[in-house]
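Student: Take a look at this one; I'll ask things after.
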Amino acid sequence: MMAGEGHSVQRACRALHVAESGYYAWRDRPPSARTVRHAWLTEAIVGIHTASRGTYGFRRIHAELELGLPVVR
């Protein structure tokens, strides 16, 4: 976010045409179920790829995910 780059929240909200209250509501909101699942899936993909010593491509990783086996680290 622009506020993290040294810009004020007020200026960033004005530039993006959003309310400051909306920004703070978004910032304090817990992660959505979709965000949590995406993080879990990313971790699983990285785990499978790492466990294969970088040899598995998307087809093998997809097959591993389809099997539902636990990720070995």
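The values are calculated or read from the model by the stated rules, or taken from the named source; none is laboratory data. Note that the coordinates shown come from a computational prediction; the quantities given were computed from them, not determined experimentally. Every residue, glycine as well, gets a Cβ built from its backbone with ideal geometry; the counts of neighbours run over all protein chains shown. The protein model used for the area step is the full one, side chains on, heavy atoms only, and it has no ligands, DNA or RNA in it. Shrake-Rupley method; radii C 1.70, N 1.55, O 1.52, S 1.80 Å.
Student: State in Å² the accessible area per residue of the chain; use a 1.4 Å probe, count heavy atoms of protein chains only, and round to the nearest integer. Please list the in-between numbers first.
Tutor: Numbers: 6250 Å² over 73 residues.
Dividing the accessible area of the chain by its residue count gives 86 Å².
Student: List, in order, the whole-Hz ³J(HN,Hα) value for each residue of region 29-37 obtained from phi through the Karplus relation with A = 6.51, B = -1.76, C = 1.60 and θ = phi - 60°; use x for Gly and Pro.
Tutor: Computed from phi, the couplings for region 29-37 are 6, x, x, 6, 4, 5, 5, 5, 5 Hz.
Student: Give me the extension gain from Ala15 to Arg34: residue separation times 0.36 nm, minus the current Cα-Cα distance, reported in nm with one decimal. Before the final figure, lay out the partial values.
Tutor: Working: separation 19, 0.36 × 19 = 6.84 nm, distance 2.81 nm.
Answer, rounded to one decimal: 4.0 nm.
Student: For the chain, which whole percent of the accessible surface, found with a 1.4 angstrom probe, sits on carbon and sulfur atoms?
Tutor: Working: 3610 of 6250 Å².
Of the solvent-accessible surface of the chain, carbon and sulfur hold 58 percent.
Student: If you don't mind, there's one more thing I want to ask. If we sort 22-30, 41-49, 10-18 on the protection proxy, mean other Cβ atoms within 10 Å, highest first, what's the order? Display every interim value, and only then the final one.
Tutor: Numbers: 22-30: 10.2, 41-49: 14.6, 10-18: 12.0.
Peptide ranking by packing, descending: 41-49, 10-18, 22-30.
Student: So what does Ser21 come to for accessible area, using a 1.4 Å probe and Å² rounded to 10?
Tutor: 90 Å²
Student: Ok, one more. Under the rule of -39500 (n - 2.57) per DSSP H run of 4 or more residues, summed and divided by the residues of the chain, what mean residue ellipticity at 222 nm is obtained, to the nearest 500 deg cm²/dmol?
Tutor: Working: 4 runs with 46 residues, N = 73.
After summing the helix terms and dividing by residue count, I get -19500 deg cm²/dmol.
Student: Under the Karplus relation 6.51 cos²θ - 1.76 cosθ + 1.60, θ = phi - 60°, what is the ordered set of whole-Hz ³J(HN,Hα) values for region 43-58, x standing for Gly and Pro?
Tutor: Each residue of region 43-58 in turn: 4, 5, 5, 4, x, 5, 5, 5, 5, 8, 6, x, 8, 7, x, 5 Hz.
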